[in-house]
Structures are given as C-alpha cells and as structure tokens.
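The values are calculated or read from the model by the stated rules, or taken from the named source; none is laboratory data. This one's a predicted model, so the numbers in the text were calculated from it and none came from an experiment. Here Cβ is always computed from backbone atoms with ideal geometry, including for glycine, and neighbour counts include all displayed protein chains. Remember, those area values only see protein heavy atoms, side chains included, never the ligands or the DNA or RNA. Shrake-Rupley method; radii C 1.70, N 1.55, O 1.52, S 1.80 Å.
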Amino acid sequence: MHWRACLVILSLGAVFACRPAPAADIMPPIDERFAAAIEAAKNAPDFRRHVVPLLGRLGCNGRACHGSFQGQGGFQLSLFGYDFKADHANLLGGDEPRTNLADPAASLILAKPLEEIPHEGGTRLTRGSWQHRVLLDWIAKGAEPATSDAAFERLEVEPTEIVATTQGDTQQLRAAAVWSDGTREDVTPLCRFQSNNDEVATIDEMGRVMVAGPGDTHVVVFYDNGVVPVPVLLPVSDRLCSRYPATPTPTRIDALVTDKLRKLGIVQSELCTDAEFLRRVSLDLTGTLPTAAEVEAFLADTRPDKRDRMIDALLDSPGYAAWWATKFCDWTGNNRERNQNNGPDNRTLATAAWYEWLRTRIAANVPYNEIVEGIVLARSRGDDESYREYCERMSGYQQGDFVASFAEQPSLPYFWSRRGFQTPQERALGFAYTFLGVRIQCAECHKHPFDQWTKDDFARFQNFFMRVRFGEAPDAKGEAAAMLSDLCIDPDLRGGDRDKEVAKLLEAGMVVPYRETFVVPPPKPPAPTKPAKDGRPKQNKQLIVGRTATVLGGEEHVIGDLADPRAVLMEWMLADDNPYFARAIVNRVWAAYFNVGIVEPPDDLSLANPPSNAPLLDYLADEFRRHDYDLKWLHREIVTSRTYQTSWRTNDTNRLDERNFSRAVPRRMPAEVVLDAIRTATASDAEAASMAASSSGRAVAESTAVGWGKSGQYALAVFGRSARESNCDCDRSAEPSLLQTVFLRNDRDMLAQVNRKEGWVDGIAAPYDAAAKQAAQRAAKGRPQALATVALPTEIDIAAIVHQAYLRTLSRPPSPTEVAKAQTYFAEATSVREATSDLLWALLNTKEFSLNH
C-alpha cells in the first residue's frame, strides 16, 4: 500500500472511529441562530451558556481588560468568566450599569465595544453581527441570570484526533456542550482555542486547524468548565504501514512507544553500547559514575542477561536509596532554610533526619503509598503517646543518634512544620505539586485558564488543611509550661533565646519540651455569645462549624465530622479511579530517565497539557498500582525496556524528536551527581570503590559535598541543585551555563580534586616523581649519566594510563586516535605528573563527561 493511502486511512480512522453517536437533537450554533434579525427573535440567549462565553471570546474578561483584579473603567468581570453570579451583578449594578433595561440598544456593554462611546479596548463588536444581536437580545429580554438550572456536564469535540497527510492540511473542529437536562448545543463559535505547538499546528478563533509542519502536538478547546485536547499529527517521514521497519518490542513499554512512533513515521535508534548503558543506568539509578574496574568487568562479561543483572545490582546498592531519597527530598520540600527551628532538634538535624527517614524506606523498598501515608497523616505524637512521653522520646533521640532514631518513627511531621507551608493556601499548593503533580495556584484567585479548577474548587480543597498545626497543642500547654518551670527557664524568654537555654539543658541530659505537628480537634457548636456588630455569633474564622472540604473533582466532606481531614485525601488518592496520584509519581520517575515526562512539565497534569503518549502513562500508572506501588518494580520496568536502552545517535527520522522517546536525549548530570562523578574520576581505585560501596559523605546522599572545601555549596548551586522552595520541579535546573564551564576549568578546589594527594594522578605519578628525585640527587653528586634512567614511561605504559583515564571519566575505552593524541602529548610533557593531570583535567572538561547520554 502506498504510504499516502495509508495516511488517508489513518486520518479517516482518527476522524470517524471514535466519534460519539449522533444525538437526536443538537442545537445549531448560536452564530447560525442569530445570523439574521428574524431568526434571532426566535431564540433566547442564556447568560451562562452564551453571554459569558461570548464576553470571553470578545476578550472582555481577559487579564488585560475587565478580568484584571482592578477591572477597567470602573467595571470588573471574573477572569475567564468563572463567577456567573458576580458577573451578572456587575453587569446590572453599580452607579453606571453596563446594561440598560429601559433602552437595551443604549447599554454600555454594546456602545463601548461598538466604539460609539470611547473605549480603551477598541472595537470589539460590529453592529448587526450575530455577536451584537446575542447581547442586545439578552438585555431586551430582561438580562436574566440564567434560563435553566441545568449543570454543565461535558464538552465533546470532533474529530477526536487529526492525522494530516501533507503540510497545510486544514480541519474544522466542532464542539458540543452537554448539559444535565439532556440538551446538546454546538458551541464552536463560543469556545476558546489554543495550540500547544504552533510549529506543528495552528488554530484560529473559529476552530479551524491548519497543520504547519511535521510532528505531533495538541490543540485545546475551552468552553465553560470543559477543557478538551485534540491530538494533531503529521508524519515526519514516509515510513508508515508496510514501509515501517521491523522494530523489537520486548516489553509493553516498547510496544506502546512504537505504536506512537509508527503513526509518526519515526524509527527508534539502535541499542546503545554496553559502555553507554552502564554509564547511563548507573548515573540514573544511583547517581554514581561507574568505576574503571566496574566498566572493565562489565565490558568483559559475555552473559546475555548482564544488563538485567546490572540493574538488579544497582537497585540493591546504597547509591540507589541515597540518590532517590535526595530526589524525594526535592519533591517534598526538605529545605534547611525553611525547616522551622524546632527548638532542640534544629534545622540541620531536622533536614538530615528528613532525608534519612526517606532513605531508609527507599532502601527497604517500602511501597510508595505507605511512604506518602507516613507524610500525609504525620503527627509528632503517637496515637497513645502523652505529651511528656513525646518529649522524653525526642530528648532521648537527641541525646543519642538523633538522625537514625528519628528515621525509625512511622511518620514525617517535618513536612508540615516548615516555613512557607503554614497557611491552608500554601499547603494546598504544595500538596498538589508534591503528591498530585498538579499546578493549581491560578485557581487561588480565579478560574484556572488551562484546567477545570475554579476559585471555589481551590477554597474547598484548602479546607482539608485548616486543622493541621505546628506549635504547642492545646492539650500540652499546661504540661509544657510546667516542664519549663521545673527546668528553671525564665518565663519571659521567648523564641530563639528560650530555645538556646532549652538546648543547654538537653545537652546536660534533661527532658525538655518540644513543639509538635498536630491536628486540632473538630470544632464544637459555639455556646451563645454576645453578638458581633453584624448580629451573628462570634466563631473562630478557621474552625467554622459545618465547614466542608472537597477533593479535586470529587466528593464533598464536612471536615468537622472527621478526626483528621487528611485521611480523606489519602483515601481519595489511593482510589483506583484517582487520575493523579499514581500518574504523578510514574511520570516524575519517567522524566528522570528520559529528560522529559510523558506529561511535560512533570508537575503539570492539567487537562490542557495532555500526555504525549496517553496509553503509556495509563499502563505505567495502572501496573504501578497493581504491583502495590513497588518503586523498584517501576524503576526496573523502565530501565529494562529497549526504549530506555536506545542510543543517543540519531537517524534521519528522529533527530528532532525529544518527546516520543525514539532515542536517548543527552542531558546534563544533576548537580550532586556532577560533584560525586568528579570525585570518583579523580580518586584512587580504592577510594573510588569505597564511594561506590557506600553513600556516606557523598553529595547525592547529603548534599554536603564532603571533600570539596569551600566550593562545595557554591558548585551545587552553580550546577542547579533544587532550591526546594516551592515543591515545583522547576526548583531544580539542568540548564548549562558559563559559570559551570568556568568552575570545571578554573576553580581552585576543582583543580585540587585532580591533583589531590593519594588521588589517581598522584598514584600514577608518584613512582616517576621518586625516580626523578633520585636521579637528580645522583646528578648533583657528579653522576649525570643517572639522568638517562628517568625517561618517560614506555609506549605501553602511556597507553595503559590513557586507557584508565578514559574508563574513569567517560566510562569507555579510548579510540586509537585518542590514544595516539595522548601519546603525542605525553612525549612533549615535562613530567608524567603534568601529562597525567592535564589529560584527566581535559577529559573532565569534555561535554561527554558532563552529559548523561
């Protein structure tokens, strides 16, 4: 079959195969119904269904116009038209109403957009147009707030997918709104449209899609609370149907990835080499550069399953738990500067304990849902633990090994005690980022422009966090005061001054009071009180009896009926039909291996940002749940796939592909990994083996960059370590910069790593240095012939040095050309130490070293 004929079949299937069954009665679009005055008289526009969406199409409720927080010209609308009640009131109320019921044609909402009256927004309407008739008719018929109580149910868009045959192809989208009363209406003229990539497809204000270039993207349709993405695809080559080459698909991941690539005409790269695989999987799984000995052993291994064996070994290594605990610290916000000064257990200890709590669980392969439950439902005190018992336990930790002891407790209360995470709003935002992969900050103030969430959704979601506190629990205040009195602490001391005195007593072996994370008990109905000025009884604003909370897109709960409202969130997240929890973590883990997520950015699972491969994301999320949230299963499933093990070398079809996983995309090593890799590459064989066998003192484990002197923290910042300020994945940067180049080339501590005593260079050069010194001493005694014994090493020795240098930096043997160049340089060098040091420094400054490929 000719490839263009194949495309036509694919296109027809995309347009028609998934089309909803035709409705018996679908209302024609409003632009047809109001095309002429005689037809307009037969129709009545609805405020929610027609007027508000039309104002949005005209730009009236945009951020630059009346949708801004201050409004414009004394008139304000809700941004993107989410608040129908307020918008209606603003249109009909005020000193100068925008609607004139007595003389509809004179209404400001018409006169200004027509520019019959000066209007900063310019001309937005044309007299006699269907848009003009809709607004005029709505006002003439009384400007009612709504003609029906029916709720919006969904938005249906046809076609459900566009597969183009040539650049420049066009396709008209049709959108139908479905309401709870059974009515269906073509709302295409009232929708907003956007393209997620204009280089692949553009879309105009009437929903006409034009394919601009090869590749794939989505166009998105917005109406009311409906957000519908439509895939648009133009193959990048003619390798379709029978012309698509046979491609191995040993795993389900490979089959799903190849299904998408086959539609695009993109052919996967070949498998990477063994050396490339070892380096890539070691860096990704454990944040650890393989040692020269490990590279040699792996390349010499002839067993067909050696890659699978290596994956299993890495998953059991200390580096795996250390590196992924660091990544979990990024996602959960373990920031020393933001951790509260919790009295005796200060910020530094709290940060280390937070990390260790996660590391021990990842090392033990505790299921992800159990790890999250230990964070979400965390309290400082155990269920049957009194306040004094809690203080005795914490004091005991402090007087022993605090970090290790803290890691043994079942929960992580520090997640709830950090600064910048104390208000319900802050917690709602951070919680959604961390566990749901959702950015809901826009809905804090207005309708989310790219998702279904409204300001009301955000307000109801944040209510789950109103009763979580950090400080002195109500039932502990008396006990805490008594403990301070018994310790002879001045009652007038506050804050840091009091904490310093408490810390001294703790060091002396005393039991001291601690602040804690706790949940305020459900509020009781208020007793009769003196009425406030407005006549209503006074109540705690944060604990109003009967307050409800709603999970995103789910059920409403009276939080006063719940012992801990967070338990509802945990139950909701673990439900099989939850669209976020499992998808968020598998997408984040996938992104760590492929440079981009299946949804990109990985923490933006919004309706307008659909996955590049929805079946793939669904498979991983479903199987992750079915395997009881087993993190090692997830890692193994990904890295054993052929898709993960493809080469970074491109072919003529995939050289521009960075979102469909047809090849490995070279990416800069993360900050902590870079520093550890430099230290491993410059270490002696014994020290490098020790680093690989333990995570102690490594940057990937503690972010302290042990062994780097004053440059450690600076280097971590330069290479983009996560700031951990907002729980957003954007807190970490992988972008290259000039400062990184300058650091690798010139930093004093960087050069000291290369030439440090008992490092690799020192071990290579020391025998030659000793020989040179001995010869010099003999020459000084009148025996110059001794200098002849201090020649540079033989060619074989130079080749061995070069071979080792490449193995320990680039994790591969050098090519013959690279050996020859190095030998030439050695021959011109003044000493073995200089030549070896320069060679190692040069390799550390190559792109090949800095990139994971």
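Values for this structure:
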{"quantity": "Checklist (1) within 19 Å of GLU389 (Cβ to Cβ); (2) of a type in the set (Lys, Arg); (3) modelled with pLDDT of 90 or more applied to LYS477, failing item", "calculated": "(3)"}
{"quantity": "Matching residues, the range 821-853, being open to solvent by 50 Å² or more (accessible area, probe 1.4 Å) and farther than 20 Å from GLY287 by Cβ", "calculated": "LYS821, THR824, TYR825, ALA827, GLU828, THR830, ARG833, GLU834, ASP838, TRP841"}
{"quantity": "Flag for ALA608 being on the phi < 0 side of the Ramachandran plot, crowded, with 23+ Cβ neighbours inside 10 Å and at pLDDT below 95", "calculated": "no"}
{"quantity": "Scan of the range 617-659 for residues that are open to solvent by less than 10 Å² (accessible area, probe 1.4 Å) and either closer than 22 Å to LYS327 by Cα or within 18 Å of the chain's Cα centre (by Cα) (or both), ordered by number", "calculated": "LEU617, LEU620, ALA621, PHE624, LEU631, LEU634, HIS635, ILE638, VAL639, TYR644"}
{"quantity": "Output for the range 185-204, where each listed residue is farther than 23 Å from ASP83 by Cα and not hydrophobic (A, V, I, L, M, F, W, C)", "calculated": "SER195, ASN196, ASN197, ASP198, GLU199, THR202, ASP204"}
{"quantity": "Residue within the range 245-258 that is of a type in the set (Asp, Glu) and either within 30 Å of LEU675 (Cβ to Cβ) or touching a helix residue (DSSP H, G or I) at 6+ places or on another chain (Cβ under 8 Å) (or both) present", "calculated": "no"}
{"quantity": "Residue match in the range 503-519 (condition: at pLDDT 85 or above, hydrophobic (A, V, I, L, M, F, W, C), part of a loop (DSSP other than H, G, I, E, B) and in contact with a Cys (Cβ under 6 Å, 6 or more places away or on another chain))", "calculated": "yes"}
{"quantity": "Sole exception among (1) surrounded by fewer than 19 Cβ atoms within 10 Å (Cβ to Cβ); (2) modelled with pLDDT of 70 or more; (3) within 25 Å of VAL372 (Cβ to Cβ) for THR548, by number", "calculated": "(2)"}
{"quantity": "Extreme residue, modelled with the highest pLDDT, among residues of the range 752-771 that are farther than 17 Å from THR680 by Cβ and of a type in the set (A, V, I, L, M)", "calculated": "ALA765"}
{"quantity": "Strands (runs of 3 or more DSSP E) wholly inside the range 130-187 that include at least 2 residues being charged (D, E, K, R), under 21 Å from ASP204 (Cα atoms) and in contact with a Pro (Cβ under 9 Å, 6 or more places away or on another chain)", "calculated": "152-158, 184-186"}
{"quantity": "THR202 open to solvent by 40 Å² or more (accessible area, probe 1.4 Å), outside any loop (DSSP other than H, G, I, E, B), modelled with pLDDT of 95 or more and in contact with a strand residue (DSSP E or B) (Cβ under 9 Å, 6 or more places away or on another chain)", "calculated": "yes"}
{"quantity": "Number of the exception - ALA800 against (1) modelled with pLDDT of 90 or more; (2) buried (at least 17 other Cβ atoms within 10 Å of the Cβ); (3) within 17 Å of ALA827 (Cα to Cα)", "calculated": "(2)"}
{"quantity": "Top-ranked residue in the range 702-719 [being of a type in the set (Gly, Ala, Ser) and modelled with pLDDT of 80 or more; ranked as most open to solvent (accessible area, probe 1.4 Å)]", "calculated": "ALA717"}
{"quantity": "Any hit, the range 282-289, residues being within 30 Å of VAL200 (Cβ to Cβ) and charged (D, E, K, R)", "calculated": "yes"}
{"quantity": "Residue within the range 413-421 that is open to solvent by 10 Å² or more (accessible area, probe 1.4 Å), polar (S, T, N, Q) and touching a residue at least 12 places away in the same chain (Cβ under 8 Å) present", "calculated": "no"}
{"quantity": "Where PRO231 falls short, out of the listed (1) on the phi < 0 side of the Ramachandran plot; (2) open to solvent by less than 20 Å² (accessible area, probe 1.4 Å); (3) modelled with pLDDT of 95 or more", "calculated": "(2)"}
{"quantity": "SER722 of a type in the set (Gly, Ala, Ser), open to solvent by 20 Å² or more (accessible area, probe 1.4 Å) and outside any helix (DSSP H, G or I)", "calculated": "no"}
{"quantity": "Contacts under 7 angstrom Cβ, first residue in the range 115-131 being within 12 Å of CYS60 (Cα to Cα) and hydroxyl-bearing (Ser, Thr, Tyr), partner in a loop (DSSP other than H, G, I, E, B) and open to solvent by 40 Å² or more (accessible area, probe 1.4 Å), 6 or more apart", "calculated": "THR123/GLU115"}
{"quantity": "Index of the failed condition, THR126 passing every other in (1) in contact with an Asp or Glu (Cβ under 8 Å, 6 or more places away or on another chain); (2) within 30 Å of ALA106 (Cα to Cα); (3) in a loop (DSSP other than H, G, I, E, B)", "calculated": "(1)"}
{"quantity": "Failed condition for TYR390, given (1) of a type in the set (Phe, Trp, Tyr); (2) over 28 Å from ALA482 (Cβ atoms); (3) open to solvent by less than 10 Å² (accessible area, probe 1.4 Å)", "calculated": "(2)"}
{"quantity": "Residue match in the range 285-296 (condition: without any contact (Cβ under 8 Å) to a residue 24 or more places away in the chain and over 17 Å from ARG361 (Cβ atoms))", "calculated": "no"}
{"quantity": "Residue list for the range 267-308, restricted to those being open to solvent by 10 Å² or more (accessible area, probe 1.4 Å), under 23 Å from ARG808 (Cα atoms) and of a type in the set (Val, Ile, Thr)", "calculated": "THR273, THR288, THR291, THR302"}
{"quantity": "Residue match in the range 284-303 (condition: among the β-branched types (Val, Ile, Thr), modelled with pLDDT of 95 or more, assigned to a helix (DSSP H, G or I) and touching a His at 6+ places or on another chain (Cβ under 9 Å))", "calculated": "no"}
{"quantity": "Matching residues in the range 205-218 - criterion: being part of a loop (DSSP other than H, G, I, E, B) and open to solvent by 50 Å² or more (accessible area, probe 1.4 Å)", "calculated": "GLU205, MET206, PRO214"}
{"quantity": "Pair list, Cβ < 7 Å and 6+ apart or interchain, from the range 736-759 residues that are touching a residue at least 40 places away in the same chain (Cβ under 8 Å) and under 18 Å from ARG833 (Cα atoms) to residues that are of a type in the set (Lys, Arg) and assigned to a helix (DSSP H, G or I)", "calculated": "GLN753/ARG679"}
{"quantity": "Matching residues, the range 246-266, being free of Cβ contacts under 8 Å to residues at least 60 places away in the same chain, open to solvent by 50 Å² or more (accessible area, probe 1.4 Å) and not small (Gly, Ala, Ser)", "calculated": "ARG262"}
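Condition check ((1) open to solvent by 50 Å² or more (accessible area, probe 1.4 Å); (2) of a type in the set (Lys, Arg)) across all residues:
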{"position": "GLN76", "(1), (2)": "yes, no"}
{"position": "LEU79", "(1), (2)": "no, no"}
{"position": "ASP87", "(1), (2)": "no, no"}
{"position": "GLY93", "(1), (2)": "no, no"}
{"position": "GLU96", "(1), (2)": "yes, no"}
{"position": "THR99", "(1), (2)": "no, no"}
{"position": "ALA102", "(1), (2)": "yes, no"}
{"position": "LEU108", "(1), (2)": "no, no"}
{"position": "LYS112", "(1), (2)": "no, yes"}
